[in-house]
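The values are calculated or read from the model by the stated rules, or taken from the named source; none is laboratory data. Just so it is clear, the model here is predicted, and its values are computed rather than measured. Every residue, glycine among them, receives a Cβ derived from its backbone with ideal geometry; neighbour counts consider all protein chains shown. Ligands, DNA and RNA are stripped out before the accessible areas are found, and what is left, the full protein with its side chains, is counted by its heavy atoms. Shrake-Rupley method; radii C 1.70, N 1.55, O 1.52, S 1.80 Å.
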Amino acid sequence: MTTPSQIFTGTELEIFAAAQEAATLIAPAFPLAATVAVNPFLGQAGQGRAQTAALLARVGGIRMFRDRADYAAALAAGRLDRAVLQAEAQARGLSMAEIEAALTRPTPAPEALPTVAELASAQSGQRLAELVEDRIGTWAAAHFDQGQALWPAPDGSAYGSWKAFATRDLLPGIAGLPGICTRVAALPQDARTAFAEACRVLGVTPWSARTYFQRLLMGMQGWGQYARHLDWLAARDGGRDTVLFEMLVIRLVWDMMLHEAHAGQLAKGWEGALVRFATPVEPSQDDLIDEALQDALERSEEAGLLSRLAGQSCPAVEVPAVIQAAFCIDVRSEVFRRALESVDAGIQTIGFAGFFGLAAAHRGFASDVVEARAPVLLRPGVTTQSRGWADDERDHRIAARATRAWGRFRMASVSAFAFVEAAGPLYVGKLLNDTVARAKPVAQDPAPVADLPLGAQVDAAAAILGAMSLTKGFARLVMIAGHGAGVTNAPHASALQCGACGGHAGDVNARLLAGLLNDDAVRAGLVAKGITVPADTRFIAGLHDTVSDKVTLFADTPLPDHAADLSRLTQALERAGAITRTERAATLPRADRPEGLGLRGGDWSELRPEWGLAGCAAFIAAPRRHTTGVHLGGRAFLHDYDWQADTGFGVLELILTAPVVVASWISLQYYGSSVAPAAFGAGNKLLHNVTGGIGVIEGNGGMLRAGLPWQSVHDGDALRHDPLRLTVMIEAPVEAITGILERHGGVKALFDNGWLALMATDAATGQVRRYERGTWSVLPGGAGLPKAA
């Protein structure tokens, strides 16, 4: 940080501001232990997709649309409606002749503007840009390490840590760059002063700064995004973090040193690059053509969704449910919910965000690690812990310490090679045992307990039941089911867990809510808030394993008077699981036996234990009766919502600003990992090495890879995820939706700029209206949710 004696010029302050702005254009990436989906285009949400395509081409050489051949095939097959495409072309000042001609040409391959490192590489014939990536990646892996390294790096600022590393790093000199250690040692101790010096040497101006800095940050791939996540969390919690700025300084200093080393040879090329960095970004005709093709394809798909929903008949009278089952809105729950309702008409399912309204900072049994079991948009507000008997906790802690000590012995430099030689054959049995063990029931931790006073518990219970549209009509037995994925040898395992639970399984949140709603004192407090839970209604928590489609029920509260209901639920869950496995097996490679899907999670060689949220395409917030029985193919987030019970539309506001945003992050992460895997994907699982306990690299060095692995979106022959924007359908008055969007500009921008599509449905008339930049238009043909009888 600067001292009072340091004074920067007005131009330098403008460049500092450009650096801060460039930092906001980078999407965060969360560590593997609790990774969550992030919209890779988060920093560009305020502009349209064609404009973003032009920018990303300039700063990353990234193509953000499908291959042109995909659009041509969709048009030939009738999936892309020609009339819709013509309308989208005209809206952008294009003709169908121009569109059709573009479909016959090769897909454009954008090229990023060069950095000094790339110009120096081209001029010298040396792989200097790769060297810079390698040295930054090697340093960052040590600096940010979260316990994987046996010898942790000293604490300190990112810039100070890098200086200490780079002044002793001999590899650049060996690679043909003498004097780097000496030059780094001569750099200012303060990162801001070093930043100003580098900008002066490089001739960076306020006009070229933002795009150039974004280019540098994009080039650091996952390390820049990881630093951005630290900055993002600090801002969410009201603080400030400088690590991303310091990462930019490090990369900028490398360009400065290479510029000094090759000054005479690079002057003309670098001056030209700076001019292009300063040139305003405008979409090309190719960008507009691609945007028109993508938009037309998405609107064509929306018509298909509306057609499926319009064919559903809405029951005139709802039959009271004997059992209610609340699931996460995750698209994988749609398949299971549909199956469960088909095997027992007396079971009503409910969709709600999988953290069930309890943003918990949780400590597991015999653990000091605090897990944020909440959407990353929210700061955990409830402290929880799984407590057991003191003797049990002591035994678990001793066992965990022994496991850690054994692991460190295996990895130590003295013992590692001898250990592999001596113990390697013994691990064959362990591999087989671990695979079989995944098919067995997992031992349950003690029930979690929340540190909340009674009044806060009552308020939380009332708010959650209201948000679930469950304030009356309670069944005798209500299951609250979170979800998780039982997998092994999967660095990205947390990406298969519940995103609303911060990349963890949803068991803790489900058990917390069930315990809260079974509490007699809480129920008594709910009466004063107008919610009466019948005395014979009991709640039970469950966990849906999305790999095996088996549901584990938690016996936290004895239910002797509900034995028959519990037996009925258990049998229905088993039958629904079998149906779900059969449906999912048809989409998974080498899944010949549906009953064996659970074993995929324990198979250390399995690249695709399940598909996660691949294929997600819609978010529907409406009463379940409007979608019951509709085969949505595991592609829709289903959130129960009754606007007529939502006085003041507070629940609607919560849905639009939290679950919809989280779902958009998921959808756009899958989109980015599918259309631009080199920039927004984690690469090939077969080549992954976990680095620092944070993320993965491909091979033995280089930059961290953020996003989803290729095997998470591709089946080996074709994309499994269909890159489409998320269609959001809400049954609510358009006036209420518009008012909420006007109060939340960030959410409004997602719809206004084409990142999401928005429709409002009217159950009384069956009418559907589409949102278009602040106005609503009635869709023709009457396709939409079924009319209420």
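Conditions tested, residue by residue: (1) open to solvent by less than 10 Å² (accessible area, probe 1.4 Å); (2) under 25 Å from V331 (Cα atoms); (3) under 22 Å from the mean Cα position of the chain (by Cα).
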| site | (1), (2), (3) |
| --- | --- |
| Y641 | yes, yes, no |
| T657 | no, yes, yes |
| Q669 | no, yes, yes |
| S673 | yes, yes, yes |
| A678 | no, no, yes |
| I697 | no, no, yes |
| I737 | yes, yes, no |
| W755 | yes, yes, yes |
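For the structure I just gave you, tell me whether P40 is farther than 22 Å from S284 by Cβ, of a type outside the set (A, V, I, L, M), open to solvent by less than 20 Å² (accessible area, probe 1.4 Å) and in contact (Cβ under 8 Å) with a residue 60 or more places away in the chain.
no
Being in contact with an Asp or Glu (Cβ under 9 Å, 6 or more places away or on another chain) and within 23 Å of H492 (Cα to Cα), is that true of even one residue in segment 705-714?
yes
Starting from residues that are in contact (Cβ under 8 Å) with a residue 24 or more places away in the chain and of a type outside the set (D, E, K, R), keep the ones in segment 589-603 and report whichever is nearest to V713 (Cα to Cα). Looking at the filtered set, the residue picked out is P589.
Any idea which residue in segment 352-382 is surrounded by the fewest Cβ atoms within 10 Å (Cβ to Cβ), counting only those that are more than 26 Å from R624 (Cβ to Cβ) and of a type in the set (D, E, K, R)? Per the criteria, the residue is D368.
V319 meets each of the listed conditions (1) farther than 18 Å from G503 by Cα; (2) surrounded by fewer than 20 Cβ atoms within 10 Å (Cβ to Cβ); (3) in contact (Cβ under 8 Å) with a residue 60 or more places away in the chain apart from (3).
Taken together, A345, A267, A292, A273 contain a single residue that is under 33 Å from the mean Cα position of the chain (by Cα) and either of a type in the set (G, A, S) or within 30 Å of R511 (Cβ to Cβ) (or both), which is A292.
Residues in segment 516-561 that are touching a helix residue (DSSP H, G or I) at 6+ places or on another chain (Cβ under 9 Å) and part of a helix (DSSP H, G or I): 8 in all. Going by the structure shown, is D81 at pLDDT 95 or above and in contact with a helix residue (DSSP H, G or I) (Cβ under 8 Å, 6 or more places away or on another chain)? Answer is yes for this residue.
Checking the stated criteria, A77 turns out not to satisfy the condition of being of a type in the set (G, A, S), closer than 20 Å to S284 by Cα, out of contact with any Phe, Trp or Tyr (no Cβ under 6 Å at 6 or more places or on another chain) and surrounded by fewer than 21 Cβ atoms within 10 Å (Cβ to Cβ). Helices (runs of 4 or more DSSP H) wholly in segment 1-86 with at least 2 residues that are over 30 Å from the mean Cα position of the chain (by Cα) - which ones? Fully inside segment 1-86 and qualifying: 10-24, 68-77.
State all residues of segment 686-744 that are within 30 Å of H143 (Cα to Cα) and assigned to a loop (DSSP other than H, G, I, E, B); if no residue qualifies, say none.
G692, G693, I694, G699, N700, G701, G702, M703, L704, A706, G707 - these are the residues of segment 686-744 that are within 30 Å of H143 (Cα to Cα) and assigned to a loop (DSSP other than H, G, I, E, B).
From the list A500, A463, A490, which one is of a type in the set (A, V, I, L, M, F, W, C), under 23 Å from the mean Cα position of the chain (by Cα) and open to solvent by 30 Å² or more (accessible area, probe 1.4 Å)? Result: A490 is the single residue among A500, A463, A490 that is of a type in the set (A, V, I, L, M, F, W, C), under 23 Å from the mean Cα position of the chain (by Cα) and open to solvent by 30 Å² or more (accessible area, probe 1.4 Å).
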